[in-house]
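Below: the structure, in structure tokens.
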Amino acid sequence: QVQLVESGGGLAQAGGSLRLSCAASGNFATINTMAWYRQAPGKQRDLVAKISGIGSKYYADSVKGRFTISRDDSKNTMDLQMNNLKTEDTATYYCHIEARRFNQETMTWGSSLHWGQGTQVTVSS
């Protein structure tokens, strides 16, 4: 079992900043890809940013130059620094990870995908 705990969401004014954090714990050996998604009311859940196990980063066009994703493997955490926030950034933000562990029932290594519960980010003008 894997648990993802998100923090840092809240209210901000346009042009302001917020920093989201995601802490992973539970039954896993390593974490490969870590990512942030967001979903606004009535819209699909979209990828915001992701970071691979070797530190390669990807950003959606809408957040390039404004958001920065990072990870600390010693703490199993991931952060999303959000600067120059826009009202369009208002959404529920979800932490997502690909974890790897040894399954003692099947005696094999496997990967699994996990979602956090989401944290609300609201940007006002």
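Some observations on this one:
- Simple spin-label estimate for Arg19 and Thr108 in nanometres, 7 Å along Cα-Cβ: 4.2 nm
- Sequence-distant contacts, meaning Cα pairs under 8 Å at least 6 residues apart, place the relative contact order of the chain at 35 percent.
- Amide proton proximity set for Val48, modelled H, under 5 Å, gap of 5+: Trp36, Tyr37, Arg38
- Accessible area of the chain divided out per residue, in Å², using a probe of 1.4 angstrom: 56 Å²
- The Rg/Rh ratio of the chain, with both radii computed over alpha carbons and Rh defined as the Kirkwood radius, is 1.01.
- Karplus-based coupling profile of the stretch 114-125, in residue order and whole Hz: 9, 10, x, 7, x, 9, 7, 10, 10, 10, 9, 8, with θ = phi - 60° in 6.51 cos²θ - 1.76 cosθ + 1.60 and x standing for Gly or Pro.
- Apolar share of the accessible surface for the chain: 46 percent from carbon plus sulfur atoms, 1.4 Å probe.
The values are calculated or read from the model by the stated rules, or taken from the named source; none is laboratory data. Only a predicted model underlies this, so the values are computations on that prediction, with no experimental measurement involved. So basically every Cβ, Gly included, is an ideal-geometry build from the backbone, and we count neighbours across all protein chains shown. Surface accessibility is based on the protein's heavy atoms, side chains included, excluding ligands, DNA and RNA. Shrake-Rupley method; radii C 1.70, N 1.55, O 1.52, S 1.80 Å.
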